[in-house]
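Structure, as structure tokens:
Taken together, the values in this text are just the output of simple stated rules run on the coordinates, not laboratory data. Here the structure is a predicted model, which is why all the values come from computation and not from measurement. We place every Cβ from the backbone using ideal geometry, glycine too, and count neighbours over all the protein chains shown.
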Amino acid sequence: MTNETNETNETNETNEPNETNEPHVRTMREGYQRTGLINLIKYIEDLDMKNIIMAEIGCYQGESTEIFCQSEKIQTIYGIDPWNMFGGGKRQGFRLHDLVAVEKAFDNRVAPYNKVIKIKNSSENAIDLIDDNSLDLVYIDGNHSYHDVKKDIQWWTLKLKDNGYLAGHDYNRRGIHRALAICVGEVEQVFDDTSWIVAKKNVKFYLKKQEHSV
Ligand SMILES: C[S@@+](CC[C@H](N)C(=O)[O-])C[C@H]1O[C@@H](n2cnc3c(N)ncnc32)[C@H](O)[C@@H]1O
């Protein structure tokens with residue numbers, strides 16, 4: 001595995017200053033968070049894929065979705081997010097997100113590209129709307145808990161074509177690292193923004209939603 005990153009650039013909401021409890025819209029993709037994702041897309045573009053059909057799980061205000069939209073090789077993006085369950089102030093120090101404004105920002109950001117099929121639902125429900133073996137790329141950036149990421153990896157891999165690629169964000173988060181260790185083993189590359197990528201053929205363990213998980 002080539003690892004372009006280090007342990008320090010993990011996105012960590014709880015480290016943010018919490019000067020106010022006013023709901024806010026957070027910027028997710030500035031600096032290395034942006035260039036890292038652009039490099040992941042270049043990696044995909046260098047593979048011999050055309051008219052890429054992909055799903056992004058967890059779009060927030062669409063900054064990453066817009067970066068995907070800007071690739072000429074990407075034709076269709078299923079943008080999946082419930083826009084109702086991020087933050088919420090349940091944990092101390094966790095700032096509230098203005099999810100109405102977040103969703104509106106997503107809509108405005110992706111509209112000009114005419115490539116995004118918005119699915120306002122959780123990953124777990126959206127998966128029933130997508131055919132098995134139909135996607136070239138899945139990018140996982142939804143709920144970051146170990147159990148949710150493990151389910152996302154196991155269930156969404158089945159949605160990929162045999163030559164498809166599974167990718168996601170926050171490689172250095174403990175839960176994500178653990179889920180990848182169990183389901184994938186070694187990923188192929190980790191980028192500056194801690195996005196990771198692996199070919200479907202190298203995912204060790206995946207299954208249908210109805211089957212019993214490891
Ligand atoms: C870290 S943000 C995504 C950031 C975005 N991909 C970017 O890079 O700009 C996580 C998003 O996942 C969404 N989310 C949380 N649980 C989810 C679930 N079960 N299924 C789909 N999305 C979920 C949240 O609503 C939130 O918008």
Legend entry - All positions within segment 157-194 that are touching a Leu at 6+ places or on another chain (Cβ under 7 Å) and part of a helix (DSSP H, G or I): THR157
Inset, instruction - Tell me, yes or no, whether segment 133-151 has at least one residue that is of a type in the set (Ser, Thr, Tyr) and closer than 18 Å to MET54 by Cβ. - result: yes
Legend entry - Residue count, segment 110-131 (criterion: without any contact (Cβ under 8 Å) to a residue 60 or more places away in the chain and touching a strand residue (DSSP E or B) at 6+ places or on another chain (Cβ under 9 Å)): 12
Legend entry - All positions within segment 27-85 that are among the polar types (S, T, N, Q), assigned to a helix (DSSP H, G or I) and closer than 21 Å to ASP98 by Cα: SER64, THR65
Inset, instruction - Select from segment 150-167 the residues that are closer than 22 Å to ARG34 by Cα and without any contact (Cβ under 8 Å) to a residue 60 or more places away in the chain and list them in ascending order. - result: LEU166
Inset, instruction - Go through (1) closer than 15 Å to LYS201 by Cα; (2) in contact with a strand residue (DSSP E or B) (Cβ under 9 Å, 6 or more places away or on another chain); (3) within 13 Å of the ligand (Cβ to nearest atom) and name the single condition TRP155 misses. - result: (2)
